1. So Ala110 fits all but one of (1) over 16 Å from Pro53 (Cα atoms); (2) in a helix (DSSP H, G or I); (3) of a type outside the set (Phe, Trp, Tyr); (4) touching a strand residue (DSSP E or B) at 6+ places or on another chain (Cβ under 7 Å); what number is the exception?
2. Within the range 71-104, track down each residue that is on the phi > 0 side of the Ramachandran plot and in a loop (DSSP other than H, G, I, E, B).
Amino acid sequence: MMTEPEMVVTAMGLRAPKAVRIRLMRQSSIFVFALTVALAWTVVAAPTAHAAPIGAVTQGSAFGPIGTHLDLEVSVGGVVMFDLLGLLPADSGSVFTLDADFANFAAAVAKLTNGINDSLDYVYSGGGGGSAGNGLTEQFAFYTSTPFSPPFGTGRSLPPPPGGNGIDFENFTIDLIELSIDIVQIPGQSGFAISFQDTLTVFGVPEPSSLALILLGLVGLLALRRGRTGNA
């Protein structure tokens, strides 16, 4: 009598035992389910950006002695993201956005996602001539710096993003950049003409292809585990 593990010979050739066929069908079902989830993410979830902020850095600065207002320019890798003129104390709490409606958005995103440690530069002046600045790098701003401690200095406002490359946002799709003018003071703190604090926040989601690979990898591990359990 032929036992279950043996191959069955039919008119169509060799046929796998029933237990093996059931295992293969289960593993195929798991794979199809994971592929469906990955495709659904690509089609549905990816366009619905603004999922969450993936990185943020806050800086507080003060300068003088002349100042009637605050002019502030923020750039990444030489690409100007924000060029704000004539900021006053009444502008404290204002939020400025950069998205696909602006001509320089694509160039800024390209710098933020190229895997290169580009410069992140702040240049500010107070309307009385001359200017000051704060030069950072993406790696320092979003990954290395310690949490921000007011009133002056620079630090992360968010922990480094999960899945990040330790430099910039290469593995993410960015759809929004915000600059919050947290505080503008004229006269400023500690005898300075102007003091201010701002927060730069980057919004995005993991790239769909990356998430699909993660899902398929998890499914592969699950299928392997189930296969081992079935052979035990």
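1. Evaluating Ala110 over (1) over 16 Å from Pro53 (Cα atoms); (2) in a helix (DSSP H, G or I); (3) of a type outside the set (Phe, Trp, Tyr); (4) touching a strand residue (DSSP E or B) at 6+ places or on another chain (Cβ under 7 Å) leaves (4) as the failure.
2. The first filter runs over the range 71-104 and keeps only residues on the phi > 0 side of the Ramachandran plot, leaving 77-78, 86, 93.
Within the range 71-104, Gly77, Gly78, Gly93 meet the criteria.
Read-outs: derived from the displayed coordinates by stated rules, not from any lab. Nothing here was measured: the structure is a model prediction, and the numbers come from that model. Backbone-built Cβ (ideal geometry, glycine too); neighbour counts: all protein chains shown.
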